1. Just to check your reading of the model, which residue among 39, 93, 86, 107 is in contact (Cβ under 8 Å) with a residue 40 or more places away in the chain, among the polar types (S, T, N, Q) and part of a strand (DSSP E or B)?
2. Among the residues of region 92-128 satisfying the criterion of being acidic (Asp, Glu) and over 17 Å from the mean Cα position of the chain (by Cα), which is surrounded by the fewest Cβ atoms within 10 Å (Cβ to Cβ)?
3. I'm trying to understand the selection: among the residues of region 129-157, which are small (Gly, Ala, Ser) and either free of Cβ contacts under 8 Å to residues at least 12 places away in the same chain or part of a loop (DSSP other than H, G, I, E, B) (or both)?
4. Which of the residues spanning region 49-92 are among the basic types (Lys, Arg) and modelled with pLDDT under 95?
Amino acid sequence: MAADSAASLTLDSTATAGASTGVTAKVVDAGGRELGVLTLADAGAAISVDGTLRGLPPGVHGMHIHAVGRCDAPDFASAGPHWSPTPKQHGSTNQAGPHHGDLMNLTVGADSSVVVKMSTPAGSLRGENPLLDADGAAIVIHATADDYKTDPSGNSGARIACGVASGS
C-alpha cells in the first residue's frame, strides 16, 4: 500500500491562535487497517503525543518517532531510523542517549486498546532541528517492549504499525 493511502497527517484545527499548530498522524497496521489518530504538539522543550489506538496486540510495545515521513507496508522500513537531530544514541537509560524520538512503551490492554499520553525527551515540531522537516516524520509502534538502552531501537522488534507526519 502506498504511503499516501496507508497513513496521513492533517493540521490540528483545535490549536489556539498564536500557538504552534499541532499535527495528527493516522496510525495503520501492515494491512492498512486504521488503528486510531495520534496528535503531536509542541509542549515546551518537547513534543507531546496523545490519542487512542485500537486493534493492537495486547502487551507492551515500543513506540518511537522515526526520521522519514513514509509508512510503506508491510514492514514500515521506509520510516527510517529514529528521529535524532543530535548525536545521541537510543534510550533513556543509555549514557549516550536518548534520541529526540524516543518514547515510553505502550501497554495495550486485553481489549487491544491503549490511551496514549506521553512526550519526547526533547524537540519541537517546527523550531530548531524541527521534526517536521522536508521529508516529514513517522510514528512507529514495534512488536515488543523497548529496553530503553540498546542502540538503535531498544530491541523492540518488528515495526507493526505506523503513522505519517509531514510539515505542511
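The values are calculated or read from the model by the stated rules, or taken from the named source; none is laboratory data. In this text, all values refer to a predicted model and were calculated from it rather than measured experimentally. Heads up, the Cβs are rebuilt from the backbone with ideal geometry, glycines too, and the neighbour counts pull from every protein chain shown.
1. Values: 39 fails: in contact (Cβ under 8 Å) with a residue 40 or more places away in the chain; 93 fails: part of a strand (DSSP E or B); 86 fails: part of a strand (DSSP E or B).
Result of the check over 39, 93, 86, 107: 107.
2. The extreme case among them is 128.
3. Matches in region 129-157: 134, 136, 143, 145, 153, 154, 156, 157.
4. Across region 49-92, the qualifying residue is only 88.
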